Amino acid sequence: FLTNGGDATEAYVEFHGRSKKADYVLKALPHRPAPKATMKERGFNGHEALSKDYAILRKQLEEEGFFDPAPGHVAYRVAEVIAMHVVGAYLFMCGSTYPIQAAGLFILGIVSGRCGWLMHE
């Protein structure tokens, strides 16, 4: 969808599926129906069978609850990230030897990656 004017519908749904604000902004933009010839050429980004199979799989996963929010899991992940920051910072700042400080930096490096994963959830 990023090249040759492809169809970004699937990407939009994945990134903004629950966002009312994204829908509001998208509807506020100027728009018009795409000509049938253009949709035939660009629709499904040239992979119609793959897109349809993906839609079936996604619907099955939705029905099984894979995309339902899990507040308990999110709370656990936030607590984990906070604890790792505290431990890593303590070891780095209060460590009396270089190996202990290095362990603190290692933990801070790992938790930086875990923050990225948390942002994607």
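Which of the following values of semi-axes √(5λ) of the Cα gyration tensor in Å was calculated from the structure shown: [x] 111, 8, 6; [y] 44, 17, 15; [z] 45, 14, 12?
[y]
Determine the gain in length on full extension of the stretch Arg18-Arg32; use 0.36 nm per residue of separation and subtract their C-alpha separation, reporting nm with one decimal.
Extending this stretch completely gives an extra 2.7 nm.
Solvent-accessible area of Cys115, probe 1.4 Å, all protein chains present, reported in Å² to the nearest ten, please.
Approximately 40 Å² for this residue.
Between segment 61-121 and segment 15-35, what's the alpha-carbon centroid distance in Å?
Cα centres, segment 61-121 to segment 15-35: 34 Å.
Each residue of segment 43-55 in order: what ³J(HN,Hα) in whole Hz does its phi give by Karplus 6.51 cos²θ - 1.76 cosθ + 1.60, θ = phi - 60°, with x for Gly and Pro?
Taking θ as phi minus 60°, the curve returns x, 6, 6, x, 10, 4, 4, 4, 4, 5, 5, 4, 4 Hz for segment 43-55.
Taking Cα pairs under 8 Å and at least six residues apart, what relative contact order does segment 55-118 come out at, in percent?
The normalised contact order for segment 55-118 reaches 28 percent.
For Lys36, go through the lysines and keep the ones whose alpha-carbon is under 24 Å away, minus same-chain ones fewer than eight residues off.
In chain and number order, the partners are Lys27, Lys52.
I need to check one value: relative contact order of the chain, counting alpha carbon pairs closer than 8 Å and at least 6 residues apart, in percent.
17
Once R0 is set to 22 Å, what does the formula 1/(1 + (r/R0)^6) return for the Cβ-Cβ distance between Val87 and Leu118, expressed as a FRET efficiency to the nearest 0.05?
0.85
The values are calculated or read from the model by the stated rules, or taken from the named source; none is laboratory data. None of the values given here were measured: they were computed from a predicted structure. Note that we place each Cβ from the backbone using ideal geometry, even for glycine, and neighbour counts take in every protein chain shown. Note: accessible area is taken over every heavy atom of the protein model, side chains too, but ligands, DNA and RNA are not part of it. Shrake-Rupley method; radii C 1.70, N 1.55, O 1.52, S 1.80 Å.
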